[in-house]
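The values are calculated or read from the model by the stated rules, or taken from the named source; none is laboratory data. As the structure is a computational prediction, the values presented were derived from the model and not from experiment. Neighbour counts run over all protein chains shown; Cβ positions are idealised from the backbone, glycine included. For the accessible areas, the whole protein counts, side chains as well, though only heavy atoms, and no ligand, DNA or RNA atoms are used. Shrake-Rupley method; radii C 1.70, N 1.55, O 1.52, S 1.80 Å.
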Amino acid sequence: MVEKAHFSFEEMWEKVLNCDRKYDGLFYTAVKTTKIYCRPSCRSRKPKKINVEFYSTMTEAEAKGYRACKRCRPETEHSPYEELTRNVVAYLSVNYKESIKLQEVADHVGLSPTYLERVFKQETSETPRSCLEKIRIDKAAHLLTCTSLSNLEICFETGFQSPSNFYKIFRKLKNHSPSEFRKSSEAILL
């Protein structure tokens with residue numbers, strides 16, 4: 001672990017202002033007025049600079065009387081956003097056959113749809129909708145190679161409501177139509 005001495009106060013303060021996730025675990029920000037310590041990436045309102053102290057470890061911060069932030073949860077291995085993202089992907093993976101609305105996913109994780117979409121995109125560089133489409137297309141690709149179901153049956157089996165949308169997204173993600181994909185996978189198996 002990198003020691004606090006490798007960063008100046010100004011460098012650490014800059015990372016906190018930028019909510020830079022790359023520095024999570026390398027140091028912790030403690031706020032004297034609230035007696036709370038956070039990850040550098042915490043999105044909570046920024047304190048006044050004069051009220052900030054930095055610590056190399058959580059143990060140091062706790063020894064000085066600080067407690068962990070309930071928003072960024074520095075005591076957990078992963079950021080709350082990583083856990084949230086895993087939870088959303090798991091929900092989508094289990095329910096991919098259903099017609100899923102963003103509101104349903106947001107209700108499942110206890111956030112507003114707008115905030116969920118922003119955090120998910122920040123973590124994964126894609127929206128929950130595009131993630132769901134990838135899950136569905138991966139399932140469809142598996143069914144194309146392992147079953148004799150028709151393309152239309154696979155379309156509905158994987159949760160698509162419209163064959164044209166299925167074909168369009170399949171081609172976009174796999175660079176082939178479903179039929180071309182099936183033929184190329186059969187050729188590989190021979």
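Pop the C-beta distance of LYS134 and ASP107 into the FRET formula with R0 = 25 Å and round what comes out to the nearest 0.05. With a Förster radius of 25 Å, E is 0.70. For LYS97, the aspartates and glutamates whose Cα comes closer than 13 Å to its Cα, not counting residues fewer than 8 places off in the same chain, are GLU133, ASP138, GLU153, GLU157. Averaging Cα coordinates gives a centre for segment 50-112 and one for segment 129-159; these two points are 31 Å apart.
For a straight C-alpha distance cut-off of 30 angstrom, the lysines reachable from LYS32 (same-chain residues fewer than eight places away being disregarded) are LYS4, LYS15, LYS22, LYS46, LYS48, LYS49, LYS64, LYS70.
Highest GNM mean-square fluctuation, the chain, Cα pairs closer than 10 Å: which of ASN165, ASN95, ASN87? Of ASN165, ASN95, ASN87, the most mobile in the Gaussian network model is ASN165. On the basis of the beta-carbon distance and an R0 of 30 Å, SER148 and GLU83 show a calculated FRET efficiency of 0.15. Normalising the average separation of contacting C-alpha pairs (under 8 angstrom, six or more residues apart) by the number of residues puts the relative contact order of segment 1-158 at 16 percent. For the chain, with all protein chains in place and a probe radius of 1.4 Å, 53% of the accessible heavy-atom surface sits on carbon or sulfur. Qualifying GluC sites (Glu not before Pro) in segment 26-133, where qualification requires a DSSP coil assignment and no more than 14 other C-beta atoms within 10 Å, comprise GLU75, GLU77, GLU98, GLU126.
Solvent exposure of segment 55-99 amounts to 59 Å² per residue of accessible area, where only protein heavy atoms count and the probe is 1.4 Å.
Relative contact order of segment 1-73, taken over Cα pairs closer than 8 Å and 6 or more residues apart, is 34 percent.
Ranking SER99, LEU152, HIS142 by Cα position along the charge dipole of the chain, where only Lys, Arg, Asp and Glu carry charges on their C-beta atoms, puts SER99 farthest toward the positive end. Each of MET12, MET58 has its accessible area taken with a 1.4 Å probe; listed largest first, they run MET58, MET12.
Legend: calculated FRET efficiency, TYR167 to ARG71, from the Cβ-Cβ distance at R0 = 35 Å, rounded to 0.05, equals 0.20.
Across THR145, THR85, THR158, mean-square fluctuation computed from a Gaussian network of the chain (C-alpha pairs under 10 Å connected) peaks at THR145.
When +1 charges are put on Lys and Arg Cβ atoms and -1 charges on Asp and Glu Cβ atoms, the dipole computed for segment 17-159 relative to its Cα centre reaches about 960 debye.
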